[in-house]
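The values are calculated or read from the model by the stated rules, or taken from the named source; none is laboratory data. Predicted model, so just to flag it, every value in this text is computed and none were measured. Glycine gets a Cβ as well: all are built from the backbone with ideal geometry, and neighbour counts include every protein chain shown.
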Amino acid sequence: MKYDDFLTQIYLRHSSNVKLGLDRMYQILENMNNPEQHLQGIHIAGTNGKGSTSAMSEAILLAHGHTTGMNTSPHLIDYTERFRINGEIITSDELMTLYHKYQPCFDQTEASFFEITTALAFKLFVDKYINYDTVTGFILYLVLILFFAYFYTFMQLNPEELSSNLGKNGGYIPGIKPGKQTSGYIKTVLSRLTIIGGVFLMLIAGLPIIFSNLSKLPSNIIIGGTGLLIVVGVALETYNQIESQLISLDFNKRSYRWI
């Protein structure tokens, strides 16, 4: 669907299917996992001065380091002007992608123009705020990686259980008393190793995102840490296979000459 077709489609909902009440709006937002519940907002209403008041409020919040999302009505030139995040208008591609994702819900509920616009604004503000392309989302992304590294490590390797198994099999760690000291020692070693491994995973996951943002690559080109690991793994495996084949061929040639 082209952008002009998208605009035509939502403008057709402008006045023909208005329904009093918020039941339909609640249903749409529930289908979107209630993004409005994760936001703090200022509702500006009135006859004159809404746009200038919104712009001043946005500027004040940005000056104090807050992340802002602004949804205004009406727009002057283009529909995308209604959606601003940190002072920047979103792209038509972002808007259409989100609309297509929830279009079945809009069709099912017979949502009006303003209900669609409001729901898209709520969802865009939440998604852009916690997306790892933003500073907040990126930090949260790295923290979750480190947390999961610790959680998974200690879930798979229980220090108390390892200490108990050592004692049952007559084993011990030189210089460490069996029991609590052994489990404490294992926990300390695991923690230190997990920090190193977690930081490594954070670098693998974070560097491609930083590189993508600095290089200004198109949105359809994504560099991921997982993909990077797969490419490196496949390249090393291919190299090992080629080296093995070359060694085998060289050995066969030498054997033939000796015979």
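Data for the structure
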| item | result |
| --- | --- |
| Residue that is nearest to the chain's Cα centre (by Cα) [pool: residues in segment 45-80 that are surrounded by 15 or more Cβ atoms within 10 Å (Cβ to Cβ) and under 24 Å from TYR11 (Cα atoms)] | GLY69 |
| Pair list, Cβ under 9 Å, 6 or more apart: segment 21-41 residue not assigned by TED's automatic domain parsing to the domain that holds THR117, other residue at pLDDT below 85 and assigned to a helix (DSSP H, G or I) | none |
| Criterion violated by GLU88 - all others in (1) more than 19 Å from LEU22 (Cβ to Cβ); (2) surrounded by fewer than 16 Cβ atoms within 10 Å (Cβ to Cβ); (3) in contact (Cβ under 8 Å) with a residue 12 or more places away in the chain satisfied | (3) |
| Qualifying residue in segment 75-83 (condition: under 24 Å from PHE138 (Cβ atoms), out of contact with any Cys (no Cβ under 7 Å at 6 or more places or on another chain) and aromatic (Phe, Trp, Tyr)) | yes |
| Single unsatisfied condition, SER255 versus (1) surrounded by 10 or more Cβ atoms within 10 Å (Cβ to Cβ); (2) assigned to a helix (DSSP H, G or I); (3) modelled with pLDDT under 75 | (1) |
| Residue within segment 133-140 that is acidic (Asp, Glu), surrounded by 14 or more Cβ atoms within 10 Å (Cβ to Cβ) and at pLDDT below 85 present | no |
| Cβ pairs under 9 Å, 6+ apart, first in segment 227-251 and farther than 30 Å from ILE209 by Cβ and not assigned by TED's automatic domain parsing to the domain that holds GLY206, second among the hydroxyl-bearing types (Ser, Thr, Tyr) and in a helix (DSSP H, G or I) | none |
| Qualifying residues in segment 84-132 (those that are in contact with a helix residue (DSSP H, G or I) (Cβ under 8 Å, 6 or more places away or on another chain) and acidic (Asp, Glu)) - the one modelled with the highest pLDDT | GLU115 |
| Test: ILE210 is of a type in the set (Val, Ile, Thr), part of a helix (DSSP H, G or I), closer than 30 Å to LEU229 by Cα and in contact (Cβ under 8 Å) with a residue 12 or more places away in the chain | no |
